[in-house]
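Just below is one structure, and these are the notes that go with it.
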Amino acid sequence: MAASMATSTRTTTKTSAATSTGTTTKTSTATSTRTTTKTSAATSTGTTTKTSTATSTRTTTKTLTVTSTRATTATSTRTSIKTITATSTRTTTMTSTATSTRTTTAASIGTSTRTITATSIVTSPLTTSSVRASTGM
C-alpha cells in the first residue's frame, strides 16, 4: 500500500495606495493711489484750488485644492490537494497432495504395505507449510 498526499496553498495579497494632494494659493494685491493738486492764481482776485484724490485698492485671492486618493487591494488564494492511494494485495495458495501406496507380497515373507502421504501448502507471500507422513510395515 502506497499513499502520497500533497497540499499546496498559495496566497498573494497586493495592496497599493496612492495619495496625491496639491494645494495652490495665489494672492495678488494691487494698491494704486493718485493725488492731483492743481492751483492757479490770476492777477484778478480770484483763486482757484482744484484737488483730486483717487484711491484704488484691488485684492484677489485664488485657492485651489486637489486631493486624490486611490487604493487597490487584490487577494488571490489557490489551494491544491492531491491524494494518491494505491493498494495491492496478492494471495497465492497452492496445495499439493501426493499419496503413494506400495504393496509387496511374498509367499515366504508375508505382506508388506507402505503408504506415503505428502501434503505441501504454500501461501504467497509469507506462509509455507509442509507435512509428510509415512505409515507402513
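The values are calculated or read from the model by the stated rules, or taken from the named source; none is laboratory data. What you see is a predicted model; the values in this text were computed from it and never measured. Positions of Cβ are backbone-derived with ideal geometry, glycine not excepted, and every protein chain shown enters the neighbour counts.
Looking at (1) hydroxyl-bearing (Ser, Thr, Tyr); (2) modelled with pLDDT of 70 or more; (3) outside any strand (DSSP E or B), find the lone condition where THR85 falls short.
The one condition THR85 does not meet is (3).
Whether any residue in the stretch 97-106 is modelled with pLDDT of 70 or more, of a type outside the set (Val, Ile, Thr), assigned to a strand (DSSP E or B) and within 30 Å of THR11 (Cβ to Cβ) is what I want to check.
No, the stretch 97-106 contains no residue that is modelled with pLDDT of 70 or more, of a type outside the set (Val, Ile, Thr), assigned to a strand (DSSP E or B) and within 30 Å of THR11 (Cβ to Cβ).
Identify, from the list LYS26, LYS38, the residue that is of a type in the set (D, E, K, R), at pLDDT 75 or above and loosely packed, with under 10 Cβ neighbours inside 10 Å.
When all the criteria are applied, what remains is LYS26.
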